Amino acid sequence: MKRTLFYSVMVSIVILLLAGCATKDKQDFHLVLPPPPEEPRLYFVNVLKGEVDYVDDSALDTFIGEEAPSVGKNLFKPYGVAAHKDIVYVTDTARGVVFVIDDNRSEVRFLGDKPSGKLALPVSVAIGSDNTVYVSDAKINKVFGYNKNGKLVFAIGDSGEFGRPTGIAINQELNRLYVVDTSKHNIKVFDLKDGKRLFEFGKRGIKDGEFNYPTNVAIDRRNNNVVIVDTQNFRVQTFDKDGNFISKFGKIGDRPGMFARPKGIGIDSDGHIYIADSAFNNIQIFDSNGTMLLFFGNAGFGLGNFYLPAGLYIDEQDKLYAVGSYSGRVQVFQYMNDAWKENNPKKYQKLKQLQEE
């Protein structure tokens, strides 16, 4: 994507509300951005809250997003998110479990709720190439791995090894697990074949390659680069697969392109970097050089708005999953790259028409 496709000014979100009611699986609400005359690049797909996703509800409630979560299988205080083949995994720090929202079966189940591998404070989640689900626990100070049946099959974290493991990401090609250790201000890298630590990089500081309470991490699938949210240095740093510093961008401030409380991170197939800021209640999108292209969102429950946004994830089909901790939901968006437009010409033209109305 070139700079001309997104632009770094305040964007008015285009929300087109069509008449009639909507079911959970067939939304009649359309959010397309940026607004014309720019080409549409991102559109709203769905919102996930848990069990409530699979019961009939009014279109107004879906739009406003103000259903109070029940004690059942609905998100309460979500943080991390990952997805694989229409199954979405969401950590819930208040409930102490990972929600498995399975759209194929229209059901919700849990990971980490059994005595063996029981979670206490799950923060981030990642999916391995063998479908193992990895979860960092910032209270137990371990990273656990579960198979598709929820059985514990993997655990790393010797006594004192982690200070506070938070963000995790997997390099599928190298079979490596990258773990952000927030309180030790570094990144630890493990071999997923045997769980052995390969190396670590970073220490507390403000220089290139140093951190101050880092929180989240994402892998650029194009080149295996590792991109870290250096939260209390109010910046994002990029490293190669072996932890060698490459570049950085960002600083503290309240203007577009700056950060106040950066948290979640995702990277799409074109290398754009998405950063959730829980102070601004928005998502900012940058190119790989750190130039801001677009930001969207404000505090609120409407589509495209957030309350305490946290984890982000972008899957291999360029779907963006954005967690709102306070609103207890995950919003799903689709990034429309050139390949998507070629494969979905009718859908693209429809969205473009809706955007221009």
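The values are calculated or read from the model by the stated rules, or taken from the named source; none is laboratory data. Please read all numbers here as calculations on a predicted model, not as lab measurements. All Cβ positions, glycine included, derive from the backbone under ideal geometry; neighbour counts span all protein chains shown. Ligands, DNA and RNA are excluded from the accessible area calculation, which covers all protein heavy atoms including side chains. Shrake-Rupley method; radii C 1.70, N 1.55, O 1.52, S 1.80 Å.
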At 7 Å along Cα-to-Cβ for each site, give me the label-to-label distance between GLU161 and VAL45 in nm.
3.3 nm
What Kirkwood Rh does the chain have if only Cα atoms enter the pairwise 1/r average? Answer in Å.
20.4 Å
Considering the zone a paramagnetic label at ASP103 would reach in this model (a point 7 Å from Cα along the Cα-to-Cβ line), which residues of the stretch 285-317 have amide N under 15 Å from it?
313-317
Take the Cβ-Cβ distance between ASP270 and LYS151 as r, set R0 to 35 Å, and report the resulting FRET efficiency rounded to the nearest 0.05.
0.40
If you take the beta carbon distance between SER183 and ASP240 as r and set R0 to 25 Å, what does 1/(1 + (r/R0)^6) give as a FRET efficiency, to the nearest 0.05?
0.50
So how compact is the stretch 233-357: Cα radius of gyration and Dmax in angstrom?
15.3, 49
Evaluate the Debye formula for the stretch 158-299 with equal point scatterers sitting on the alpha carbons, no solvent, and hand back log10 of I(q)/I(0) at q = 0.09 Å⁻¹, in q order, two decimals.
-0.25
Eigenvalues of the Cα gyration tensor times 5, then square-rooted: what semi-axes does that give for the stretch 145-188, in whole angstrom, largest first?
21, 15, 8
Please list the non-local residues whose amide H lies under 5 Å from the amide H of PHE259, H modeled 1.01 Å from N, same-chain partners needing a gap of 5 or more.
LYS251, ILE252, GLY253
Plugging the Kirkwood radius over Cα pairs into Stokes-Einstein for the stretch 146-221, at a temperature of 4 °C and a viscosity of 1.567 mPa s, what D comes out in µm²/s?
98 µm²/s
Percent of alpha carbon pairs in the stretch 79-141 separated by more than 14 Å?
52 percent
Paramagnetic reach from LYS196 in the stretch 150-189 [backbone N under 16 Å; point 7 Å along Cα→Cβ]:
156-158, 175-177, 189
By a straight-distance test (C-alpha under 19 Å), which lysines pair with LYS118 as possible cross-link partners, with residues fewer than eight away in the same chain excluded?
LYS73, LYS77, LYS139, LYS142, LYS148, LYS151
Heavy-atom accessible area per residue, the chain, 1.4 Å probe: how many Å²?
43 Å²
Quick one: what are the phi-derived ³J(HN,Hα) couplings along the stretch 257-266, Karplus 6.51/-1.76/1.60 with θ = phi - 60°, whole Hz, x for glycine and proline?
x, 9, 10, 10, 8, x, 10, x, 9, x
With each label point set 7 Å from Cα along the Cα-Cβ vector, what nm distance links GLU356 and GLU342?
2.3 nm
